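The values are calculated or read from the model by the stated rules, or taken from the named source; none is laboratory data. Only a predicted model underlies this, so the values are computations on that prediction, with no experimental measurement involved. Glycine also receives a Cβ, built like all others from the backbone with ideal geometry; neighbour counts cover every protein chain displayed. Each accessible area value is taken on the protein alone, full model and side chains, heavy atoms only, with ligands, DNA and RNA left out. Shrake-Rupley method; radii C 1.70, N 1.55, O 1.52, S 1.80 Å.
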Amino acid sequence: MPRRFPSVARSSVDLSPQARLRQEHERVILRAIATGATVSRTQLAADHGLSAQSVGRIVRGLLSAGLIEEVGTDQSVGPYPQADPGCPRPAGL
């Protein structure tokens with residue numbers, strides 16, 4: 001039997017259906033960010049049919065893994081300023 005190393009990602013066959021779906025959403029968001037265009041979390045959610053909360057969680061995970069970084073912030077328009085953590089982009093660009 002081959003030895004498994006903890007640093008090797010588990011195959012999607014070993015994951016629950018919910019974990020596989022989460023993994024696929026992470027791939028979709030990372031691919032969208034990797035295209036190089038600056039895009040907000042709100043736009044990512046709208047473009048891919050995910051909730052803003054899901055995209056926020058995915059982006060936070062990608063940030064903490066060092067796969068992406070924040071760039072700039074949107075300036076809110078209107079009487080109620082919005083907190084915007086910036087737009088994600090691939091790390092190192």
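Are any of the residues in the range 14-25 at pLDDT 90 or above, assigned to a loop (DSSP other than H, G, I, E, B) and either of a type in the set (S, T, N, Q) or in contact with a Leu (Cβ under 7 Å, 6 or more places away or on another chain) (or both)?
Within the range 14-25, one or more residues are at pLDDT 90 or above, assigned to a loop (DSSP other than H, G, I, E, B) and either of a type in the set (S, T, N, Q) or in contact with a Leu (Cβ under 7 Å, 6 or more places away or on another chain) (or both).
Going through the range 62-81 one residue at a time, which ones are of a type in the set (A, V, I, L, M, F, W, C), modelled with pLDDT of 70 or more and part of a loop (DSSP other than H, G, I, E, B)?
Ala65, Leu67
With the requirement that a residue be in contact with a strand residue (DSSP E or B) (Cβ under 6 Å, 6 or more places away or on another chain) and among the small types (Gly, Ala, Ser), what does the range 24-66 give you?
Selection gives Ala34, Ser40.
Is it the case that Gln43 is part of a helix (DSSP H, G or I), farther than 13 Å from Pro88 by Cβ and out of contact with any Pro (no Cβ under 6 Å at 6 or more places or on another chain)?
For Gln43, the condition - part of a helix (DSSP H, G or I), farther than 13 Å from Pro88 by Cβ and out of contact with any Pro (no Cβ under 6 Å at 6 or more places or on another chain) - is not met.
Do we have any residue at all in the range 38-50 that's open to solvent by 90 Å² or more (accessible area, probe 1.4 Å) and at pLDDT below 90?
yes
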